[in-house]
């Protein structure tokens, strides 16, 4: 097995960095007082000559080691303890320096970067650009070859030597225009330029084709670790044959999954043999699966997002058709609003759209824009996000927390002027979408009802879609990817049941928590770890979950029997249950509104029928069954012109309307009648209700063909279009 071509460069770089650090110490440190006599164990060993290729010697200690053995000890100060040398250069810096050496490969490649007119692009991935610059100056580039700006307030001011330019400094996230002007100043001179980027996609589209291919800093791999262990641990307890040693290390793909802290923890082991053992344990599937997932998910990596997934695929297909010249931009779905509870995967879905189309992803959020400062800076940051998307086209612009924009119709007078100016600016940007060819906009929020109606109108937002909690298909996929090849069908079903009703973020967090618990005890993950992390209440609180199943199946059966909606999923979760349905077209007739009331009250009626009494499960938050039923029942009188108030429209002040005792009694009677009608429907379907609830309790979620098989058995009975109505006026 051949020695990597960069080892000679690394040996020289380590020696230079060590000398620089030693010089800094001698300059800054006055040294110990005269009375302090250093003990023998504090004296550094005399290092042998650095060599580009090395062999691993048999175990020796102290000065007994053969001084002609070619090890890279010139970069370390070694304590006399035979197992643990004491490196003069911090190991985290050594790792970065070796990665940089592996990227450039040779001194000749480095020399090419400092030639006049040379432009080099270095993709330094996860390494802070300040550290990259420091190590390039101290260890790799010829001394004096890098320009030092005279004006410290302008770190990118051009000099006569190599100008090292970081394309993504912290302030440039808001003020991208300053980046272009600085880059123009650098490229306008004959001095060489080294562009530091964390992702070549950050480079403006028009520059990419003109720039040379980026030099990519590799992740830590076997070669780098083999070289490093020869320095930090002498490699004394490892085999002398390099090929045999390399085979004992984890594969490069597995090492790439480990974080830098994890690598540093392994390197703290007292011997090289123990380091290798620890690394092999760390890269077991249980420990690094959360890092093994694709960094760039596509729509093919997701399932179970329902209508949101369908619209996302359609928008990507439209964009690709536009790129191919098959459709005009005016025909493309350009703007999508995704709403739903936190953690359901709205931003993940937007990222998958960009990756599926192979285009840029630009992120913005109200919180990010507001962090820029006062109103003027906030609006500038917002416009910069839209401009960045336009410059990066084709691209997907994701605007998180778009409901924070607010509404001009809000009754809250606090900061009204500020809110109005922000909304007007957002509307202006959305109005320009038709001219921003190649840019798809995806807004995400939790409460779409709080967004200004003008922003939601067609032409600005093309589709408004809820992102539901993950269903059985999506949950099963997450579990299989989390523990590839480790779950039997029985275990998968049990875990899917426990995960039912959780958000995607909660499931992912549970899987990581299970792996953390196993890591703490240095053992593989067990099924009980995952169940505990997910909060396995399905099994712990069987009676509660059975009642919840009765409740949710009641909703599904009545909705199906009355034709109110098509039921898509019935699921149990840690905080209760969920019945996800798609409303069917309506004519706005009174019996249709009453049927919707029946659906709202069906869960409570099912509990009364099967369990012998009711629980508080129908009540609680503003989105509860009782809250929805109250709004519907009152709207018959208040806004729909179908009740006791006749053709009057009384607004949306429900609390004020219900202060009147007569009105409150009328709304209550309407709700109670709906519960009785739902009860009658369920009595005809009692056997089905109980059997369906048992099945739901067993699996945690019913959807797709499995759910359709149950709803096809519903006895619809005779639905009358005429119902008794407590009406006192016309």
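The values are calculated or read from the model by the stated rules, or taken from the named source; none is laboratory data. Only a predicted model underlies this, so the values are computations on that prediction, with no experimental measurement involved. Note that we place each Cβ from the backbone using ideal geometry, even for glycine, and neighbour counts take in every protein chain shown.
Check the range 24-32 and report whether any residue there is in the same structural domain as residue 105 (by TED's automatic domain parsing) and at pLDDT 65 or above. Break it down stepwise before answering.
The first filter runs over the range 24-32 and keeps only residues in the same structural domain as residue 105 (by TED's automatic domain parsing), leaving 24-32.
Going one step further and asking which of them are at pLDDT 65 or above, we end up with 24.
Scanning the range 24-32 turns up at least one residue that is in the same structural domain as residue 105 (by TED's automatic domain parsing) and at pLDDT 65 or above.
So residue 337 fits all but one of (1) farther than 27 Å from residue 530 by Cβ; (2) outside any helix (DSSP H, G or I); (3) at pLDDT 80 or above; (4) over 25 Å from the mean Cα position of the chain (by Cα); what number is the exception? Only one criterion in (1) farther than 27 Å from residue 530 by Cβ; (2) outside any helix (DSSP H, G or I); (3) at pLDDT 80 or above; (4) over 25 Å from the mean Cα position of the chain (by Cα) is unmet by residue 337, namely (4). Once the range 429-445 is narrowed to residues that are modelled with pLDDT under 85 and surrounded by fewer than 17 Cβ atoms within 10 Å (Cβ to Cβ), the residue that is farthest from residue 393 (Cα to Cα) is 431.
Looking across 603, 612, one residue alone is closer than 28 Å to residue 545 by Cβ and surrounded by fewer than 17 Cβ atoms within 10 Å (Cβ to Cβ). It is 612.
Matching residues to (1) in a helix (DSSP H, G or I); (2) modelled with pLDDT under 85:
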{"residue": "376", "(1), (2)": "yes, yes"}
{"residue": "379", "(1), (2)": "yes, no"}
{"residue": "382", "(1), (2)": "yes, no"}
{"residue": "386", "(1), (2)": "yes, no"}
{"residue": "390", "(1), (2)": "yes, no"}
{"residue": "399", "(1), (2)": "no, no"}
{"residue": "404", "(1), (2)": "yes, yes"}
{"residue": "411", "(1), (2)": "no, yes"}
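Among residues that are on the phi > 0 side of the Ramachandran plot and touching a residue at least 24 places away in the same chain (Cβ under 8 Å), residue 482 is not included.
In the set 718, 725, only one residue is surrounded by 12 or more Cβ atoms within 10 Å (Cβ to Cβ), modelled with pLDDT under 95, more than 19 Å from residue 582 (Cα to Cα) and over 42 Å from the mean Cα position of the chain (by Cα); that residue is 725. Of all residues in the range 494-537, those satisfying the criterion of being surrounded by fewer than 17 Cβ atoms within 10 Å (Cβ to Cβ) and under 21 Å from the mean Cα position of the chain (by Cα) are 505, 509, 512, 513, 516. Residues in the range 85-114 that are modelled with pLDDT under 85 and touching a helix residue (DSSP H, G or I) at 6+ places or on another chain (Cβ under 8 Å): 85, 87, 88, 89.
Of the numbered criteria (1) in contact with a helix residue (DSSP H, G or I) (Cβ under 6 Å, 6 or more places away or on another chain); (2) modelled with pLDDT of 95 or more, the one residue 673 fails is (1).
Residue count for the range 346-374 satisfying the condition of being touching a strand residue (DSSP E or B) at 6+ places or on another chain (Cβ under 9 Å) and farther than 22 Å from residue 322 by Cβ: 8.
Here's the yes/no breakdown for (1) farther than 16 Å from residue 311 by Cα; (2) in contact with a strand residue (DSSP E or B) (Cβ under 7 Å, 6 or more places away or on another chain):
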residue	(1), (2)
420	yes, no
425	yes, no
431	yes, no
434	yes, no
446	yes, yes
450	yes, no
457	yes, no
463	no, yes
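Could you list, in sequence order, the residues of the range 586-603 that are modelled with pLDDT of 90 or more and more than 38 Å from the chain's Cα centre (by Cα)? First the steps, then the outcome.
Initially, the range 586-603 is screened for residues modelled with pLDDT of 90 or more, giving 589-603.
Of everything in the range 586-603, those that are modelled with pLDDT of 90 or more and more than 38 Å from the chain's Cα centre (by Cα) turn out to be 589, 590, 591, 592, 593, 594, 595, 597, 598.
Residue 353 meets all of the listed conditions (1) under 30 Å from residue 507 (Cα atoms); (2) assigned to a loop (DSSP other than H, G, I, E, B); (3) at pLDDT 85 or above but one, namely (2).
When we screen 583, 647 for residues that are at pLDDT below 90 and assigned by TED's automatic domain parsing to the domain that holds residue 697, the only hit is 583.
Would you mind stating whether residue 487 is surrounded by 17 or more Cβ atoms within 10 Å (Cβ to Cβ) and modelled with pLDDT under 80?
On the way: surrounded by 17 or more Cβ atoms within 10 Å (Cβ to Cβ): yes; modelled with pLDDT under 80: yes.
For residue 487, the condition - surrounded by 17 or more Cβ atoms within 10 Å (Cβ to Cβ) and modelled with pLDDT under 80 - is met.
Taken as a whole, the structure places residue 364 among residues that are without any contact (Cβ under 8 Å) to a residue 40 or more places away in the chain, assigned by TED's automatic domain parsing to the domain that holds residue 336, in contact with a helix residue (DSSP H, G or I) (Cβ under 9 Å, 6 or more places away or on another chain) and surrounded by 16 or more Cβ atoms within 10 Å (Cβ to Cβ).
When each of 559, 549, 571 is tested for being buried (at least 22 other Cβ atoms within 10 Å of the Cβ), without any contact (Cβ under 8 Å) to a residue 60 or more places away in the chain and in contact with a strand residue (DSSP E or B) (Cβ under 7 Å, 6 or more places away or on another chain), the lone residue that passes is 559. For residue 563, the conditions (1) in a loop (DSSP other than H, G, I, E, B); (2) within 30 Å of residue 433 (Cβ to Cβ) are fulfilled apart from (2). Taken as a whole, the structure leaves residue 389 outside the set of residues that are in contact (Cβ under 8 Å) with a residue 40 or more places away in the chain and in contact with a helix residue (DSSP H, G or I) (Cβ under 9 Å, 6 or more places away or on another chain). For the range 631-690, a residue qualifies if it is closer than 24 Å to residue 587 by Cα, in contact (Cβ under 8 Å) with a residue 24 or more places away in the chain and either part of a loop (DSSP other than H, G, I, E, B) or touching a strand residue (DSSP E or B) at 6+ places or on another chain (Cβ under 6 Å) (or both), and the qualifying residues are 640, 642, 643, 644, 645, 646.
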